[in-house]
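Report on the structure given below.
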């Protein structure tokens, strides 16, 4: 790969960071529609870096605070670091799918900035569930929490990015950040997403546990693909947020079962 190719990949990586986090990232060069449409190839890697950062924070404070409190603080940090991007999507998606009678009504509810009862319940289950599952892992070994954070943040974001190329994007009003990321995904992008996910899972969790986590992610993707295709006929940014959140929780649950 020549210098221009490396600079292009660097730009795409920085775009992925700016999309998935609140971190101030300097984007070099002109941001073209192709760059926006290809940057999600690095979502698995950026997710792993998010998880690694959270894991290091947990490791630092777990020595001084009870594990449940440390987990609580790390969850709060993750909400700040990501701007609650995926949590917001989960709430809107559950409101739309729970309250809408047809596709048009579901999409209209999801676009509404107000949060309904389905969204509040989904957020409650997500936050409390992650706290309980990570706390259960912490009771076994602090290292398991670090493994869970790294692998789950990577694989769940990789799956959400993968889903962008599998289902049509349903918003066409030009107000969604996700819309700019769709329409340019190639086979090589999926290869990078999957390849990085495999490397992260195996290195962080070991071969056996890593393969179980990868299988869980694939099964989660299959079920969510069929569900979203049946309920909406495609995806929105909110639906992708729900994919990430549901998959992250499932991966925590699998790790708890593996190490119970």
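Taken together, the values in this text are just the output of simple stated rules run on the coordinates, not laboratory data. Here the structure is a predicted model, which means the values were calculated and not measured.
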Can you tell me, using C-alpha contacts under 8 Å and at least 6 residues apart, the relative contact order of the chain as a whole percent?
27
Grab the eigenvalues of the alpha-carbon gyration tensor for the chain, scale each by 5, take roots, and send me the semi-axes largest first in whole angstrom.
27, 24, 17
How many angstrom separate the Cα center of region 123-152 from the Cα center of region 183-246?
19
GNM, the chain, Cα, under 10 Å: largest mean-square fluctuation among 82, 32, 247?
32
Most fluctuating residue of 155, 65, 214 in a GNM of the chain with Cα springs under 10 Å: which is it?
65
What 222 nm value per residue comes from the helices of the chain, counting each DSSP H run with n ≥ 4 as -39,500 (n - 2.57) and dividing by all residues, nearest 500 deg cm²/dmol?
-25500 deg cm²/dmol
